[in-house]
Amino acid sequence: MFKKTKIFKINKKNFEEVIKASAMIIKRGGTVAFPTETVYGLGADFSNKEAITKIFNAKNRPLDNPLIVHIESLKSLSLIAMEIPEDALKIANIFWPGPLTIILKKNNKTIDLSASKLKSIAIRMPKNKIALALIKEAGTPIAAPSANLSGRPSPTEAKHVFFDLDGKIDAIIDGGSVDIGIESTVIDFTSEIPTILRPGTIGAKELSQYIKKINVENSITSKNIKIKSPGMKYTHYSPNTEMILIEGESDKVINKINFLLLEYYRKNISVGVLGSKKYKMAKAIFIIGKTPKDIAYNLFRGMRFLDEKKLDLIIVENINFKNSTGIAINNRLKKASNRHIKV
Ligand code: TXA
Ligand code: MG
């Protein structure tokens, strides 16, 4: 079903007007994409089943993959969740508003945000004044997944949302580029030991300063993984172009990429590189940055940029940073690549 997607370019002058108009759409059961500090989200009233269905349809999202509920005040917690563990409340107080999603036991009144019939619900308070103002003005928590077509890289700019969802959603609030560039950490407090299901910029290292025991679910390397976060079983974040990740020490990775570029050049295969430096033989390059912060900021942007070049192949340099942001970037790169080559 095609509809006209409104674009609200928000600035200081029209801020309140845009928030009011967008909140009205949410209140009436519509869908609005908005910036958060992590990535753009596609929002709808969390208590309106029809509105929630619109999100799943627009994104073509598998029905069993639940949405995160976004709140603007801790007061909303008791509306959505029950039996909130002390540790969960503690880290919510410390890290919210911020890029951390907490999974709690669902309140009986809260409707299912997926077809999985889960007893739990994911909640987050974003650190972005547009997002917070929108939730407040709408007068309801807002359910919002990342505002991309299911499986595509998460959107870090309004134009990415437009590219994927134009004609499928009611409006987009264009608030410029997001700050962080990768999605929030997801931590599950319904398991005996709090468990990180999706790594983000707030990692086990930061969280363990406040809670004694934390498990980290590594969806990529652990064997016999029991899928706790339904979204983890799907391919993710991928450009349409085939992508190969080269893993290893930096020097070896660069050598391997140069070798592959020559080989593909001879075979007349056009290749783009997402990496830290210029490669002479590459048809297109996106320099991803040097620090974990910069790389997170550029990661999905770079994938989308290269995807638009209509190449035969994208080669990605792996990232060797071991801090929480580095771990989160590696997780996204591994999930987004069709093949991994270790050197
Ligand atoms: O930074 C973010 O988290 C962004 C912004 C918009 O807030 N949102 C986001 O939402 O990344 P989404 O839907 O793309 O990813 C949510 C992840 C999915 O992997 C989903 O399976 C998981 O959280 N999730 C949601 N509810 C869950 C639950 N009750 N139990 C386990 N996993 C859950
Ligand atoms: Mg997503």
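The values are calculated or read from the model by the stated rules, or taken from the named source; none is laboratory data. Since the structure is predicted, the reported quantities are computational estimates derived from the model, not experimental observations. Quick reminder, even Gly has a Cβ in these numbers, built from the backbone with ideal geometry, and neighbours come from all protein chains shown.
To keep it simple, each residue is scored yes or no on (1) at pLDDT 95 or above; (2) of a type outside the set (D, E, K, R); (3) outside any loop (DSSP other than H, G, I, E, B).
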| site | (1), (2), (3) |
| --- | --- |
| L245 | yes, yes, yes |
| K252 | yes, no, yes |
| I257 | yes, yes, yes |
| L260 | yes, yes, yes |
| A282 | yes, yes, no |
| L299 | yes, yes, yes |
| G302 | yes, yes, yes |
| F305 | yes, yes, yes |
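Any residue at all in the stretch 165-177 that's within 16 Å of ligand 2 (Cβ to nearest atom), buried (at least 17 other Cβ atoms within 10 Å of the Cβ) and assigned to a strand (DSSP E or B)?
no
Restricted to the stretch 214-243, and to residues that are farther than 21 Å from N320 by Cα and touching a strand residue (DSSP E or B) at 6+ places or on another chain (Cβ under 6 Å), which residue is modelled with the lowest pLDDT?
Here the answer is K228.
What residue, among those in the stretch 97-109 that are among the polar types (S, T, N, Q) and surrounded by 14 or more Cβ atoms within 10 Å (Cβ to Cβ), is nearest to ligand 1 (Cβ to nearest atom)? Talk me through it step by step, then tell me what you get.
Initially, the stretch 97-109 is screened for residues among the polar types (S, T, N, Q), giving 101, 107-108.
Then keep just the ones that are surrounded by 14 or more Cβ atoms within 10 Å (Cβ to Cβ); that gives 101, 107.
Working: T101: 5, N107: 13 Å.
Result: T101.
T38 is checked against (1) closer than 22 Å to L149 by Cβ; (2) without any contact (Cβ under 8 Å) to a residue 24 or more places away in the chain and fails just one. What number does that condition carry?
Condition not satisfied by T38: (2).
Could you identify the single residue in L118, L113 that is near ligand 1 (Cβ under 10 Å from one of its atoms), more than 20 Å from the chain's Cα centre (by Cα) and part of a loop (DSSP other than H, G, I, E, B)?
Only one candidate passes the filter, namely L118.
Take K267 and tell me if it is in contact with a Gly (Cβ under 6 Å, 6 or more places away or on another chain) and surrounded by fewer than 21 Cβ atoms within 10 Å (Cβ to Cβ).
Here the answer is no, as K267 does not meet what is asked.
Which pairs turn up if I take residues in the stretch 264-286 that are farther than 18 Å from G302 by Cα and look for partners that are in a loop (DSSP other than H, G, I, E, B) with beta carbon separation below 6 Å, at least 6 apart in sequence or on another chain?
Y265/M281; I269/D312
Those residues that are of a type outside the set (A, V, I, L, M) and part of a helix (DSSP H, G or I), I need them from the stretch 74-99; list them, please.
Correct list: K75, S76, S78, E86, D87, K90, N93, F95.
Within the set of pairs 6 or more residues apart or between chains, which connect a residue that is free of Cβ contacts under 8 Å to residues at least 60 places away in the same chain inside the stretch 98-123 to a residue that is within 16 Å of ligand 2 (Cβ to nearest atom) and acidic (D, E) with Cβ atoms less than 8 Å apart?
Within 8 Å, the pairs are A115/D64.
Which residues, taken from the stretch 125-140, are more than 12 Å from ligand 1 (Cβ to nearest atom), touching a strand residue (DSSP E or B) at 6+ places or on another chain (Cβ under 8 Å) and not in a helix (DSSP H, G or I)?
T140
L63 is checked against (1) under 20 Å from the mean Cα position of the chain (by Cα); (2) under 19 Å from K136 (Cα atoms) and fails just one. What number does that condition carry?
Against the list (1) under 20 Å from the mean Cα position of the chain (by Cα); (2) under 19 Å from K136 (Cα atoms), L63 comes up short only on (2).
How about the stretch 180-195: which of its residues are assigned to a loop (DSSP other than H, G, I, E, B), over 13 Å from I121 (Cβ atoms) and either touching a residue at least 24 places away in the same chain (Cβ under 8 Å) or within 10 Å of ligand 1 (Cβ to nearest atom) (or both)? Even if it seems obvious, please write down each step before you answer.
Taking the stretch 180-195 and keeping what is assigned to a loop (DSSP other than H, G, I, E, B), we get 180-184, 189-194.
Keeping just the survivors that are over 13 Å from I121 (Cβ atoms) gives 180-184, 191-194.
Those that are assigned to a loop (DSSP other than H, G, I, E, B), over 13 Å from I121 (Cβ atoms) and either touching a residue at least 24 places away in the same chain (Cβ under 8 Å) or within 10 Å of ligand 1 (Cβ to nearest atom) (or both): I180, G181, I182, E183, S184, S191, P194.
Quick one: would you say I94 is surrounded by fewer than 17 Cβ atoms within 10 Å (Cβ to Cβ), β-branched (V, I, T) and over 29 Å from K6 (Cβ atoms)?
Spelling it out, I94 is indeed surrounded by fewer than 17 Cβ atoms within 10 Å (Cβ to Cβ), β-branched (V, I, T) and over 29 Å from K6 (Cβ atoms).
Inspect the stretch 159-174 for any residue being within 12 Å of ligand 1 (Cβ to nearest atom), at pLDDT 95 or above, under 30 Å from K9 (Cα atoms) and out of contact with any Pro (no Cβ under 6 Å at 6 or more places or on another chain) and give the result as yes or no.
Quick first cut of the stretch 159-174, residues within 12 Å of ligand 1 (Cβ to nearest atom) only: 161.
Applying the additional criterion that residues be at pLDDT 95 or above yields 161.
Restricting the remaining residues to those that are under 30 Å from K9 (Cα atoms) gives 161.
Now restrict to residues that are out of contact with any Pro (no Cβ under 6 Å at 6 or more places or on another chain): none.
No: zero hits.
Filter the stretch 149-164 down to the residues that are assigned to a loop (DSSP other than H, G, I, E, B) and either aliphatic (A, V, I, L, M) or within 29 Å of L74 (Cβ to Cβ) (or both) and list them by number.
Listed by number, the residues that qualify are L149, S154, P155, T156.
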